[in-house]
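One structure is given here, and the rest of the page talks about it.
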Amino acid sequence: MKDNCIVAQSGGPSAAINATIAGIIDAGIASEQVGHVYGALNGIKGVLHENFVVLDEICKEKKTRDLLAV
């Protein structure tokens with residue numbers, strides 16, 4: 001059974017945070033242990049309210065993840 005990964009960002013978007021999220025999605029997709037990489041909308045509030053998006057599906061293509069990392 002594969003585990004899922006959840007990413008929650010607080011504060012505004014920045015180049016460093018976006019690149020980090022892109023790296024997390026890359027690693028999740030490459031891993032045989034990760035089922036899905038979820039993003040929590042609105043940071044910790046998204047976690048508490050279970051408000052998620054499936055980032056590995058939204059960013060399936062490498063070129064999409066690369067745009068996020070710029």
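Taking G11, G23, G35 in turn, the Gaussian network model of the chain (Cα-Cα springs below 10 Å) assigns the largest fluctuation to G11.
Running a GNM on the chain with Cα contacts under 10 Å, which residue among A22, A40, A30 ends up with the highest mean-square fluctuation? Among A22, A40, A30, the largest GNM mean-square fluctuation belongs to A30. For the chain, the Cβ-based charge dipole about the Cα centre amounts to some 160 debye (Lys, Arg positive; Asp, Glu negative; other atoms uncharged). What does a probe at A15 reach in segment 36-70, counting residues whose amide N is under 16 Å from the point 7 Å along Cα→Cβ? Counting backbone N atoms under 16 Å from the label point, the list is 66-70.
Distant-in-sequence amide contacts of Y38, defined by a placed amide H-H separation under 5 Å and a gap of 5 or more residues or a different chain, comprise C5, I6, V7, L55. Here segment 9-50 is treated as an ellipsoid with the same Cα gyration tensor; its semi-axes, largest first and in whole Å, are 20, 16, 5. Distance distribution P(r), the chain, all Cα-Cα pairs, bin width 5 angstrom from 0: 4, 18, 27, 26, 18, 7, 1 percent. Model label points for A8 and A69, set 7 angstrom from Cα along the Cα-to-Cβ axis, are 2.6 nm apart.
Just so you know, all these numbers are worked out from the coordinates, no wet-lab data involved. As the structure is a computational prediction, the values presented were derived from the model and not from experiment. Glycine gets a Cβ as well: all are built from the backbone with ideal geometry, and neighbour counts include every protein chain shown.
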